[in-house]
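Written below as structure tokens is the structure these notes are about.
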Amino acid sequence: MSEIDNAIAAPATYADEARIHALFAQLRKEDPVHWTEPEGFRPYWAITKYADILEIEKLKDNPDHRAYRGLTQAWFMPPNLKKLDARMAELAKRYVDRMMELGPTCDFTRDVAMWYPLHVIMSILGVAESDESLMLKLTQELFGGNDPELRRQEETPGVNTNTIMEFFNYFNNMTAERRAHPGEDLASVIANGKIKGEPLGDLESASYYIIVATAGHDTTSACISGGLRALIENPDELAKLKANPELLPTAVDEMIRWVTPVQHFMRTATDDHELRGKTIRKGEAVQLLYMSGNRDEDIYPDAFRFKVDREPNRHVAFGYGAHVCLGQHLAKMEIRAFFAELLKRLDHIELAGEPKRSHSVFVSGLKTLPVRYSLRAA
Ligand code: HEM
């Protein structure tokens with residue numbers, strides 16, 4: 001199995017979609033709870049079946065987590081997000097307009113999909129528009145630490161010390177500023193929030209900003225790029241969606257399942273646990289491979305088909321349980337707003353070059369998607 005073990009841990013494998021999916025399909029069939037010993041890494045359990053991912057996600061976590069999550073949870077729920085509906089539609093229009101201006105060709109990932117969720121999350125958090133390029137650069141370095149093009153050149157591949165320091169310096173200044181002058185943005189909620197009656201420390205508040213600033217855009221933009229690619233490669237599905245815009249919510253969930261930009265999360269066992277006849281020991285690392293769970297043949301008999309009207313579709317792209325993605329409603333709202341605007345104005349679209357995925361085991365997606373198209377004015 002050493003060849004498989006090295007492949008699961010190698011960022012380059014994830015740049016080749018067919019290869020990684022074939023590898024996971026083999027593991028789901030032959031060894032779904034797989035002890036993985038890649039060269040150069042601490043060994044871990046690779047979990048590839050949907051039901052097993054859910055079982056592990058349901059196990060308990062430290063209660064501190066709930067208190068931290070509680071600080072912003074209400075903010076991320078649909079009743080609060082509804083206020084952003086009109087603003088989101090306006091932003092979606094801004095980025096589809098940009099695409100139209102660039103036409104008849106563009107690199108959809110680099111010119112459009114990367115910028116729209118970045119702008120949404122940064123304006124919500126309260127980062128100045130002039131700092132958005134810096135935030136994008138730091139996020140890509142953090143998640144693309146192994147990609148030869150995206151990583152920070154002076155760092156050892158996979159190590160991100162300088163990037164993290166730069167994030168911390170930026171956000172520590174933000175905390176001080178929001179404590180002195182609280183506003184309506186999410187940064188003010190975090191800077192002025194209290195846990196057990198105490199304000200958050202510098203490490204905690206900066207970490208909170210970093211997770212919101214980084215979790216919210218690369219992931220969503222990967223779904224928008226990968227979703228558009230899936231529509232281009234499945235013209236019947238594109239036609240169906242254009243003719244039936246009420247399918248947009250199911251289409252968005254299918255895009256998210258299809259892309260699964262957060263390919264896995266790691267957990268550490270806090271107790272011994274039996275799974276499919278194997279014992280995961282306390283202290284061992286466990287890799288929940290969402291990307292594999294979302295193509296599990298036991299849940300989706302036609303898992304390798306992209307269907308805009310797929311129902312039910314309870315995918316695990318957002319995780320599950322206590323840590324389930326806090327931004328899932330926001331992400332879906334953004335993707336819906338974008339495709340509602342795009343599809344209304346799109347006459348034609350095709351690939352204009354080869355799409356390429358980034359080299360990353362954690363968050364990945366298309367780093368380039370060249371397209372040729374014709375769009376109408378709004
Ligand atoms: C389609 C886009 C997105 C995907 C696929 C995604 C996926 C995920 C996944 C898999 C997790 C871990 C769940 C687990 O450990 O069980 C997570 C956590 C999280 N996500 Fe997202 N996410 C997306 C968009 C967003 C957005 C827009 C935000 C907004 C800020 C966000 C904020 C968070 C936060 C704060 C957490 C940590 C939650 C916790 O540990 O309690 N995500 N996300």
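The values are calculated or read from the model by the stated rules, or taken from the named source; none is laboratory data. All values reported here derive from a predicted model rather than from experimental measurement. Because the Cβ atoms are built from the backbone with ideal geometry, glycine has one as well, and the counts that use them run over all protein chains shown. When the accessible area is computed, the model is the full protein with side chains, heavy atoms only, and any ligands, DNA or RNA have been set aside. Shrake-Rupley method; radii C 1.70, N 1.55, O 1.52, S 1.80 Å.
Of all the options Arg87, Arg276, Arg69, the one that moves most in a Gaussian network model of the chain with Cα springs shorter than 10 angstrom is Arg276. Applied to the range 186-192, the Karplus parametrisation 6.51 cos²θ - 1.76 cosθ + 1.60 on θ = phi - 60° returns per-residue 3J(HN,Hα) values of 5, 4, 5, 4, 6, 4, 9 Hz, with x for Gly and Pro. Mean sequence separation of contacting Cα pairs (under 8 Å, at least six apart), scaled by the length of the chain, corresponds to a relative contact order of 27 percent.
Among the listed pairs Lys58/Lys278; Lys196/Lys278; Lys58/Lys137; Lys240/Lys332; Lys242/Lys332, those with a Cα-Cα distance over 28 Å are Lys196/Lys278; Lys58/Lys137. Quick one: grab the alpha carbon gyration tensor of the range 17-166, order the square roots of its eigenvalues as a ≥ b ≥ c, and give me rounded if a/c is under 1.5, else prolate or oblate depending on whether a/b is larger than b/c. It comes out prolate by the Cα gyration axes.
Note on the chain: with a GNM built from Cα contacts shorter than 10 Å, the maximum mean-square fluctuation among Ser188, Ser292, Ser221 falls on Ser188. Could you pull out every one of the lysines with an alpha carbon less than 16 Å from that of Lys356, ignoring same-chain neighbours closer than 8 positions? Straight-line reach from Lys356, under 16 Å: Lys367. Counting only whole DSSP H helices of the chain, the ones at least 18 Å long by C-alpha along their axis and with mean Kyte-Doolittle hydropathy no lower than -1.0 are 17-30, 85-102, 161-180, 202-215, 218-233, 328-345. Assuming charge only on the beta carbon of Lys and Arg (+1) and of Asp and Glu (-1), the dipole of the chain about its Cα centre is about 800 debye to the nearest 20.
On the chain, 54 percent of the accessible area sits on carbon and sulfur atoms, based on a 1.4 Å probe.
Remark on Lys367: its backbone amide H falls under 5 Å from those of Lys356, Arg357, Ser358, a criterion applied only to residues 5 or more positions apart or on other chains, H modelled at 1.01 Å from N. The range 354-378 to the range 1-58: how many Å between their Cα centroids? Cα centroid to Cα centroid, the span is 25 Å.
Need the C-alpha centroid separation for the range 92-113 versus the range 158-236, integer Å. Measuring centre to centre over Cα atoms gives 25 Å. If a/c stays under 1.5 just call it rounded; otherwise compare a/b with b/c (prolate if a/b is bigger, oblate if not). Do that for the range 254-332, with a ≥ b ≥ c from the square roots of the Cα gyration tensor eigenvalues. The shape class here is oblate. A 1.4 Å probe, protein heavy atoms only, puts the accessible area of Lys93 near 80 Å².
In this structure the range 1-113 gives 52 Å² per residue of accessible area when probed at 1.4 Å with all protein chains present. In terms of the Cα gyration tensor, with a ≥ b ≥ c the square roots of its eigenvalues, is the range 164-203 rounded because a/c is under 1.5, prolate because a/b exceeds b/c, or oblate? In terms of gyration-tensor shape, oblate. All other residues with a Cβ under 11 Å from the Cβ of Asn6 taken together, and with Lys, Arg as +1 and Asp, Glu as -1, what is their net charge? Overall, the nearby charge balance is -4. With K and R counted +1 and D and E -1, the other residues having a Cβ less than 12 Å from that of Glu350 yield a net charge of 0.
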